[in-house]
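See structure below.
Every read-out reported here was derived from the displayed coordinates using simple, explicitly stated rules and does not represent laboratory data. What you see is a predicted model, and the numbers here were worked out from it, not measured in a lab. Every residue, glycine as well, gets a Cβ built from its backbone with ideal geometry; the counts of neighbours run over all protein chains shown.
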Amino acid sequence: MVTAEEIRQALERVLTSAEFAGSPRLQSFLRYIVEQELDGHGSSIKGKVIATDVYDKELDENGGALNLVRVEARRLRRGLEDYYSGAGRSDPLRINMQTGGYRPQFERFIATKPSVGQSQSESSHSDGLWRHKLLLPLIGTTLLLIFVLWYFGLRGSQSKTEFATVKSSAELAALRERSITSVQAVNLAEQTRGLFFPLFDLRRQAINLETFRYVIELDPNLAAGYAGSAQVLTLKSLLTSNADASTALIGEALEMAEHATTLDPLDGWSQAAHGWTLAVTGDIEGALSRARIALDLSPQDGHTLDLIGITALVVDDPVFMAEVSHPQRSRLGVGRFAYNNIYGASQLMLENYDEVIEAFSKAAERGHPVSPPSLFLLATAFHETGNPAGAEKAIVEMLDTWPDFPAHEVIARFFVNDSETRSRVLSVLDLYSPS
């Protein structure tokens with residue numbers, strides 16, 4: 001017979017574990033279904049009840065609330081599996097939630113004795129060791145990529161923007177007092193956040209996300225890992241065509257963003273990442289509020305300014321975009337190139353076409369990377385100024401260089417709140433694309 005006290009003790013062990021400590025939404029989900037079961041209401045635990053009671057979501061015709069619950073349930077099951085295969089392997093009582101339903105199940109677990117020749121310590125840590133062995137090559141690749149990009153990019157082209165860490169010397173000294181891994185986490189997060197741009201390099205974004213998750217593992221109390229994860233998850237949500245997958249990604253991104261600003265509300269990067277996430281959810285007022293807080297906290301941090309810029313793009317505030325991305329604005333930190341594209345996009349939205357051409361046509365000679373959006377925005381400006389040859393050249397170059405780039409989808413999603421610019425760019429893309 002399993003007692004309520006044993007179940008609540010098992011619940012608290014799970015909720016305070018590393019797998020769940022940084023996920024308040026999953027904590028709420030698990031606590032709710034366990035308490036409902038203990039109160040005798042297990043048969044009433046349904047997806048629609050969880051949607052309203054746990055996530056405060058109203059049911060809609062498209063089933064978005066129920067999709068969110070299904071996605072979160074998958075994350076919860078995965079989190080429980082990870083916990084009981086790691087830190088909770090010896091827990092005397094386990095909580096499970098079977099696929100196809102939401103009622104929790106409780107089962108006693110008797111740990112097997114280690115085999116002959118293998119100590120208890122070796123048995124309890126073997127799985128963790130092989131997981132880290134698998135992770136090390138990925139982290140090594142990430143660190144190598146970061147170093148190469150830094151050496152040939154940041155070292156090779158000095159301008160008004162310099163490489164700088166987020167934390168001051170005093171803050172780093174304080175972190176050292178806590179642990180060496182905290183300092184490692186700060187440095188790794190700072191280096192990785194500079195790899196967020198260009199946005200559409202999806203292989204790079206996959207590495208970024210894994211690295212930010214590793215930062216969280218190194219120091220779960222550091223906001224940077226959650227801010228970085230939020231910015232990448234939000235981008236993946238924006239670019240994902242599958243509705244269920246997109247809902248899952250933005251749900252996790254919101255959780256990460258909220259955790260980042262809870263841990264460090266005075267961190268400009270965290271506030272900017274939160275604003276970017278809210279922009280993609282459609283919360284324009286919340287997004288702009290977070291973005292302006294971020295600007296006040298970090299008015300010269302390059303990466304924070306870039307995040308604010310793309311937030312302003314999605315919510316359709318080109319004046320704010322131009323303010324944070326203006327070429328003459330003083331910028332520090334890892335943000336070096338994205339401002340040029342952000343400023344060019346703002347000028348297109350404001351119909352300052354000569355400024356658009358200036359921003360994009362000279363990007364390569366200034367050492368700025370050229371991306372598909374650079375070219376179709378440049379083509380639009382050429383078309384609007386009566387230069388069809390220039391427009392056609394830019395579109396053909398884009399299609400030749402990036403034949404699989406989903407230009408129509410990207411235009412629709414980034415200009416979701418600016419129908420006029422969206423219509424202009426799409427018409428130019430269709431007009432000059434070879435038939």
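Could you calculate the contour length gain from Leu38 to Thr281, that is, 0.36 nm times the residue separation minus the distance between their Cα atoms, to one decimal place in nm?
In short, 84.0 nm is gained.
With charges set only on the Cβ (+1 for Lys and Arg, -1 for Asp and Glu), what does the dipole of the range 300-422 come to about its Cα centre, in debye to the nearest 20?
380 debye
Could you give the length gained on full extension between Ser179 and Val396, defined as 0.36 nm per residue of separation minus the Cα-Cα distance, in nm?
Difference between extended and current length: 72.8 nm.
Within the range 282-360, list the GluC sites (Glu not before Pro) lying in a DSSP loop whose Cβ has at most 15 other Cβ atoms in a 10 Å radius.
Filter output for the range 282-360: Glu351.
Suppose the chain between Glu358 and Ser427 were pulled fully straight at 0.36 nm per residue; how much longer would it get relative to their current alpha carbon spacing?
Contour length minus the Cα-Cα distance gives 22.7 nm.
Which order do the peptides 275-284, 257-266 come out in when sorted by mean C-beta neighbours inside 10 angstrom, highest first?
Highest mean packing first, the order is 275-284, 257-266.
Would you mind pulling out the separation of the Cα centroids of the range 288-359 and the range 1-76, in Å?
Value for the Cα centre distance between the two parts: 40 Å.
Can you bin the range 190-268 into rounded, prolate or oblate? Criterion: square roots of the alpha carbon gyration tensor eigenvalues sorted a ≥ b ≥ c, rounded for a/c under 1.5, prolate for a/b above b/c, oblate for the rest.
The shape class here is oblate.
Rounded if a/c is under 1.5, else prolate if a/b is larger than b/c, else oblate: which is the range 271-363, with a ≥ b ≥ c the root eigenvalues of its Cα gyration tensor?
Oblate.
What FRET efficiency comes out for the pair Asn417/Gln98, r = Cβ-Cβ distance, R0 = 56 Å, nearest 0.05?
0.85
Estimate the FRET efficiency between Glu12 and Glu81 by the formula 1/(1 + (r/R0)^6), using the beta-carbon distance for r and 25 Å for R0, to the nearest 0.05.
0.85
For Arg89 and Val2, what does the FRET efficiency come to when R0 = 25 Å and r is the distance between their Cβ atoms, rounded to the nearest 0.05?
Efficiency computed from Cβ-Cβ geometry: 0.85.
Once you sort the root eigenvalues of the Cα gyration tensor of the range 11-82 as a ≥ b ≥ c, which label holds: rounded (a/c under 1.5), prolate (a/b larger than b/c) or oblate (the other case)?
It comes out oblate by the Cα gyration axes.
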